[in-house]
Structure formats: C-alpha cells, structure tokens
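The values are calculated or read from the model by the stated rules, or taken from the named source; none is laboratory data. This one's a predicted model, so the numbers in the text were calculated from it and none came from an experiment. Quick reminder, even Gly has a Cβ in these numbers, built from the backbone with ideal geometry, and neighbours come from all protein chains shown.
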Amino acid sequence: MESLPPSLRHLNHHQAPPTINHNGNSTNPTKDKDNQDQEYDLAVPIIDLQSLSHEKSKLDEACKEWGFFRLVNHGIPLTLLNQLQDQAKQMFSLSFDTKQASCNGNSTTASYFWGTPALTTSGTALTGGPQNAHLVEGFSFSMGQISQFQPQLPELESFRLLLVEYGKHLSRIATTLFEELVKSLELKNLLDPLSSKSSYLDVNTGNVRVYRYPSCPDSNDVRWGINEHTDSSVLSILSQDDQVSGLEVLKDHKWVTVKPIPNTMIINIGDMMQALSDDTYKSVFHRVKINNNKERISICYFVFPDGDVKIESSKYKPFSYNEFRAQVQKDIKETGNKVAGLSRFPRNNKDN
Ligand SMILES: O=C(O)CCC(=O)C(=O)O
Ligand SMILES: [Fe+2]
C-alpha cells in the first residue's frame, strides 16, 4: 500500500528532484547552510501564557524584533498534543487513493492536498506548474464547521474528535494573545467593548493544516517542504514534531532553525497583524526544510479577520481580508508564489 502521493514517491527511491527556491530557480545549498546561525535558536523569545501580565514588554519586543516566539504554559494538555501527532501519522499512513477520496464532497470543511501548501477557498491545490511542487502532503480543516463534519474513515473521525477539543484551546490562545497585543499597540478600538471579541480576529475563520513532510534520504542538497513565505493570518499557532526539525525563520537576514522543544507551541505574527499594527509587528518569513532521515509532522492553525471587515492602517490602502486573499491567490496562480503579500496594497495619498 503506497501512502505517498505519486509525485513524492521518488523520495523513497533515492532519486531527488531538482532543488528549487521560491523563484523557481536552483538554490545554493552551501550558501544556505553557511547562513545558518544555530546560536540564534537559543535567543528565540519564550513567552509564558500563564504569566502574560508580567510578560507584556517581552511579548511586545518579540513581535517587533522577531514576529515569532515560543509559547510555554499554554494550557493544552500534553496528552492531547501527543494524540494529535499520533493520529495524524495514522491518517497519513492510509493509502494515497484512500486519502484522496477521504474528503470528497466536504471540500469547504476538509480537504486533502499534496505538492503545494497553497489552496483555493474550496480546498483545491493551487500550483503554478511542476517547478513549484513542494515535498509535502496535508489535510486542511475549517474549524468553524468541524463539529458538523462527518468523515467516513475512522482515522479521520478520530482526528476530528481531537480537533474539536484542540480548537477550543487554539481559540482561547489566539484570543488571549490578540487582546494583549492590541492593548500593547494601544488599539483597543479593535476589540468589541462589550464582549472583548473582535472581527479583526474571527475564530470562526480558523483553519488547521496538518502536514507530512517526507524524508529525503541520500540527498546532499537542501530540499524544501514549504518555500520562504509569510502567513496571511492575524496569528499562526504551530505544534511541531517533538523530534524532527525543519522549520526555519528569518532573523536579521539569517535563517534560524527552530529546534523542536516538547510541549512548546510556536506562534507567529501574520500579514494581517502586521497591517493592523502599522508595521510595528513583523509578519515573519519562514520556510520548512526536508529532513534527510525522518519525516516530519506539523499541525498549524491560522486565524483571520472577518473576511469583509476593512483593515485600516497608515501603511496600506484599506483592504478586506477577502480582497487580500483574492490577490494572493491570483499571484500564486500566475507565478506559483505569493509574490509580495502586503506590498500589493500600497497606500496612495488619495487613500487618506
Ligand atoms: O510546517 C511548519 O512547520 C510550518 C508550515 C507553514 O509555515 C505554513 O503552513 O504556513
Ligand atoms: Fe507559514
């Protein structure tokens, strides 16, 4: 039974495809390796969610300087995080044909994809041609509809049940952090004064992606699971494999490997938060490197503003998340990549 998509099966047969970068050109692995500064990993900010009131300036600094931090004391039971990883492995070990058929008819709630992390709103893979194929497969779930989703496969149903539980923690963490960031930025007008909810962080838009990056043995070249990009979200929350590294973030023009630390979540600022903060906070560039020996599983949560609400800032012309997403999808279709994200919305004087 072959569980990998046909386009990724060569990895098992020791024939690596050409290395590509985000422009579709060959990368220079030696340069990338030299650029690594492992020391930096030790400097990745660590924020304690249970002591957030004492961590305000550290949190603010992390979002300004890194756009990225580790979160500890997050309140998600370790057993739940381990179960999610284990159950994800069960799902991916199903045959490719089974996975492909698994989400039929439910594409707005759940979809299976491979070869690219870029999807349309209905869950179809958005590729810009074979040169842009990534070494990745995944499932995508819309958290707003996860309770109603009725998968046929027991492996998917078990994962769904875990996700329902996990989703409550993700909403809680995203809302808590967003509230704190908005206060630090003195943008309390972004919160609803009665409920402290916000249409600028709408938990119904939450989306969970579960990725498997296959290993690529016998390769001296660097290979990418996901090329360099920023997230379009307000915030992203990542639970990565305990053992296998792969995630790298850009800090001071250097790529830093974010080593896996058990029971730690990774948070990154996305494009929408960068715009809302007038570029005070950074939507961080990151990428995922393929491991030579071990496959890697990661579970990523993205949360967005309500699709129609206007994002106003001094740096960009007013836009809604729906407009932003449409532009990103157009760019990916035409070029294979999310070209420039926020810089597609430059502010003109007439926008005042
Ligand atoms: O798998 C990871 O560690 C990160 C994935 C990612 O960056 C994304 O989906 O945007
Ligand atoms: Fe990302």
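Of all residues in segment 286-333, those that are aliphatic (A, V, I, L, M), under 27 Å from Leu187 (Cα atoms) and within 20 Å of the chain's Cα centre (by Cα) total 3.
Restricting to segment 146-172, name every residue that is in contact with a Leu (Cβ under 7 Å, 6 or more places away or on another chain) and assigned to a helix (DSSP H, G or I). Glu155, Leu162, Glu165, Tyr166 - these are the residues of segment 146-172 that are in contact with a Leu (Cβ under 7 Å, 6 or more places away or on another chain) and assigned to a helix (DSSP H, G or I). For the subset of segment 250-270 comprising residues that are surrounded by fewer than 22 Cβ atoms within 10 Å (Cβ to Cβ) and closer than 13 Å to Gly67 by Cα, which member is nearest to ligand 2 (Cβ to nearest atom)? The selected residue is Leu250. Note on segment 213-242: among residues that are acidic (Asp, Glu) and over 17 Å from Ala118 (Cα atoms), the one that is surrounded by the most Cβ atoms within 10 Å (Cβ to Cβ) is Asp241.
Here is a check on your reading of the model: is Ser314 assigned to a loop (DSSP other than H, G, I, E, B) and farther than 17 Å from Phe69 by Cβ? Step through it out loud before you land on a result.
Details: assigned to a loop (DSSP other than H, G, I, E, B): yes; farther than 17 Å from Phe69 by Cβ: yes.
Yes: the conditions hold for Ser314.
Mind checking whether some residue in segment 274-285 is more than 15 Å from ligand 1 (Cβ to nearest atom), modelled with pLDDT of 95 or more and either of a type in the set (Val, Ile, Thr) or assigned to a strand (DSSP E or B) (or both)? So far as segment 274-285 goes, yes, one or more of its residues are more than 15 Å from ligand 1 (Cβ to nearest atom), modelled with pLDDT of 95 or more and either of a type in the set (Val, Ile, Thr) or assigned to a strand (DSSP E or B) (or both). Residues of segment 245-259 that are assigned to a loop (DSSP other than H, G, I, E, B) and within 10 Å of ligand 1 (Cβ to nearest atom): Ser245, Gly246, Val258.
Inspect all residues belonging to segment 73-88 and state whether any of them is surrounded by 19 or more Cβ atoms within 10 Å (Cβ to Cβ), assigned to a strand (DSSP E or B) and at pLDDT 95 or above. Within segment 73-88, none of the residues are surrounded by 19 or more Cβ atoms within 10 Å (Cβ to Cβ), assigned to a strand (DSSP E or B) and at pLDDT 95 or above.
Of everything in segment 209-229 that is assigned to a loop (DSSP other than H, G, I, E, B) and farther than 20 Å from Phe96 by Cα, the residue that is nearest to the chain's Cα centre (by Cα) is Arg223.
Just one of the listed residues (Leu185, Leu161, Leu156) is within 30 Å of Asn293 (Cα to Cα), more than 16 Å from ligand 1 (Cβ to nearest atom) and modelled with pLDDT of 90 or more, namely Leu156. For segment 53-69, a residue qualifies if it is surrounded by fewer than 18 Cβ atoms within 10 Å (Cβ to Cβ) and more than 15 Å from Met273 (Cα to Cα), and the qualifying residues are Ser53, His54, Lys56, Ser57, Lys58.
Scanning segment 219-236 for residues that are more than 11 Å from ligand 1 (Cβ to nearest atom) and modelled with pLDDT of 90 or more turns up Val234, Leu235.
Please verify whether segment 290-298 includes one or more residues that are assigned to a loop (DSSP other than H, G, I, E, B), out of contact with any Lys or Arg (no Cβ under 7 Å at 6 or more places or on another chain), under 19 Å from Ala340 (Cβ atoms) and away from ligand 1 (no atom under 14 Å from the Cβ).
Taking segment 290-298 as the starting set, the residues that turn out to be assigned to a loop (DSSP other than H, G, I, E, B) are 290-295.
Among the residues that remain, those that are also out of contact with any Lys or Arg (no Cβ under 7 Å at 6 or more places or on another chain) are: 291-294.
Now drop any that are not under 19 Å from Ala340 (Cβ atoms), which leaves none.
Looking for residues that are assigned to a loop (DSSP other than H, G, I, E, B), out of contact with any Lys or Arg (no Cβ under 7 Å at 6 or more places or on another chain), under 19 Å from Ala340 (Cβ atoms) and away from ligand 1 (no atom under 14 Å from the Cβ), one finds none in segment 290-298, hence no.
Residues in segment 271-310 that are among the acidic types (Asp, Glu) and away from ligand 2 (no atom under 13 Å from the Cβ) were compared, and the one that is surrounded by the most Cβ atoms within 10 Å (Cβ to Cβ) is Glu295.
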